[in-house]
Amino acid sequence: MKNITKTTLTLIAMATALTSLSAKPFHQYKVKSGKIVYEHKKFKTKVSYKNVNGKEELHKEMVPYVDTRETYYWDNYGDVAFKEVYKVSKFGGKPLTEPVKQFEQFFKDDKRYYYNAEDKRASYDPWHGKKECLEQIKNLDERGCYAISYPKMEQKGEELVAGKTTQVYKESVGTDFYLWKGLNLKQKNFSYNRKGTERLDISREIVAVEVDTNATIDPKIFNPQWLDQFKQ
């Protein structure tokens, strides 16, 4: 029997490691499971006049208010997820007496299910973006599925959101994403000029106010009762 040299053993070990890495599934998130609470903000325009060097000038300010609140749960690195959204204020920002559930959504692989809490109806909507992501999964990076859906977005820097260091990306003149381990923790939407070359005022913002990756999530969360009608 021929002796196996140390070099041969090293090469075998490297090949085994590479094979193991290539066989490892690549998920859209870098965190196995967790819970995020988002605030969906709208903006109202506050107009006032200020005296500047003896001359009154018009001053416009975009004032945010929380329109809806969302709780998002995920497991198995994003292969399954669930969210519920509550309306918390009227148009203009006046708080409701109590939150009103608007809808729920359940996500699994490239499937997306929607439940309207007002009329208690459920529907199915194929998730074409996620399907494309799964088909090109080898091209994913730290941006997760955003790397597939928005390949031309430009990185602008970093920002702390809910205690997490996010990478800030300009997707277009109208949208910025704040990504952390494949999860979008903040999104800003802007109005812009007719040519689509200049940002004007901020119009909407979705921002995470709580990120819990140690939460114990009840498995029933990912099996809402209304989902039964889609099961064969």
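Helix 6-23 and the longest principal axis of the Cα set of the chain meet at an angle near 40°.
Taking GluC sites (Glu not before Pro) as exposed when DSSP calls them loop (any state but H, G, I, E, B) and at most 15 other Cβ atoms lie within 10 Å, what is the longest stretch of the chain free of them, the sites themselves excluded? That would be 1-117.
Taking R0 as 35 Å, what FRET efficiency do you get between Lys131 and Lys30 from their Cβ-Cβ distance, rounded to the nearest 0.05?
On the way: r = 21 Å, r/R0 = 0.60.
Approximately 0.95, to the nearest 0.05.
Which entries of Lys108/Lys181; Lys41/Lys101; Lys90/Lys152 show an alpha-carbon separation above 27 angstrom in the structure shown? Please list the in-between numbers first.
Values: Lys108/Lys181 19 Å; Lys41/Lys101 16 Å; Lys90/Lys152 36 Å.
Those over the limit are Lys90/Lys152.
Specify which residue in the list Ser172, Phe91, Phe106 is farthest towards the positive end of the charge dipole of the stretch 25-224, using unit charges on the beta carbon of Lys, Arg (+1) and Asp, Glu (-1), about the Cα centre. So the residue we want is Phe91. Of the residues Asp109, Asp176, Asp125, the one that moves most in a GNM of the chain with alpha-carbon contacts below 10 Å is Asp125.
Applying a threshold of 31 Å to the alpha-carbon distances of Lys94/Lys120; Lys42/Lys138; Lys32/Lys94 flags Lys42/Lys138; Lys32/Lys94 as lying beyond it. Backbone geometry of the stretch 48-64 corresponds, through the Karplus equation with coefficients 6.51, -1.76 and 1.60 at θ = phi - 60°, to 3J(HN,Hα) couplings of 8, 10, 10, 8, 10, 6, x, 10, 6, 10, 6, 10, 10, 9, 8, 9, x Hz, x marking Gly and Pro. Taking a Cβ cut-off of under 12 Å around Val37, the surrounding Lys, Arg, Asp and Glu residues balance to a net charge of -2, with basic ones at +1 and acidic ones at -1. Rg/Rh for the chain stands at 1.10; both radii use Cα atoms, and Rh follows the Kirkwood definition.
Spatially, the stretch 37-100 and the stretch 163-232 are offset by 14 Å when compared through their Cα centroids.
So if I place +1 on the C-beta of Lys and Arg and -1 on the C-beta of Asp and Glu, and nothing else carries charge, what would the dipole magnitude of the stretch 25-224 be about its Cα centre? I want it in debye, nearest 20. Could the numbers behind the result be given before it?
Working: 37 positive and 31 negative charges, 94 e Å.
The dipole magnitude comes to about 440 debye.
None of the figures in this text is laboratory data; all of them are computed from the coordinates on show. Worth saying up front: this structure is predicted, and the values here are computed from it rather than measured. Cβ: placed from backbone, ideal geometry, glycine included. Neighbour counts: every protein chain shown.
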